[in-house]
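Everything on this sheet refers to the single structure shown next.
The values are calculated or read from the model by the stated rules, or taken from the named source; none is laboratory data. Quick caveat: nothing in here was measured; it's all calculated off a predicted structure. Cβ: placed from backbone, ideal geometry, glycine included. Neighbour counts: every protein chain shown.
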């Protein structure tokens, strides 16, 4: 047996496609707004309840790890020049830091 259920959400555009338009689906002859499973999973991951339940066991995106490491070094009193040097070494452990052009932000290489 398959159940096809509609879930009511508040009047907000929770999910958009690559052109910025609301995602839609035709269901039962009517066009309805659609929320992707990816959007729902992100909402769960960023919810306060999820963070409380998994406190201390939630990972940090590696794209932001340099900034987190830099903050820890600043809080422990490390010199700013040494901080960047240390963070670059940490970043190189996870991949290569691009050096062809000078990054706008040395800590994220963006």
In segment 71-100, anything surrounded by 10 or more Cβ atoms within 10 Å (Cβ to Cβ), closer than 27 Å to residue 46 by Cβ and modelled with pLDDT of 85 or more is listed as 71, 72, 73, 74
Do we have residue 52 as assigned to a helix (DSSP H, G or I) and not assigned by TED's automatic domain parsing to the domain that holds residue 85 here?
yes
Scanning for something assigned to a helix (DSSP H, G or I), closer than 25 Å to residue 94 by Cα and either outside the structural domain of residue 94 (by TED's automatic domain parsing) or touching a strand residue (DSSP E or B) at 6+ places or on another chain (Cβ under 7 Å) (or both), does segment 65-79 turn up at least one residue?
no
Please pick out the residue among 30, 11 that is surrounded by fewer than 10 Cβ atoms within 10 Å (Cβ to Cβ), farther than 30 Å from residue 85 by Cβ and modelled with pLDDT under 85.
11
Of all residues making up segment 15-45, the number that are touching a helix residue (DSSP H, G or I) at 6+ places or on another chain (Cβ under 6 Å) and in a loop (DSSP other than H, G, I, E, B)
1
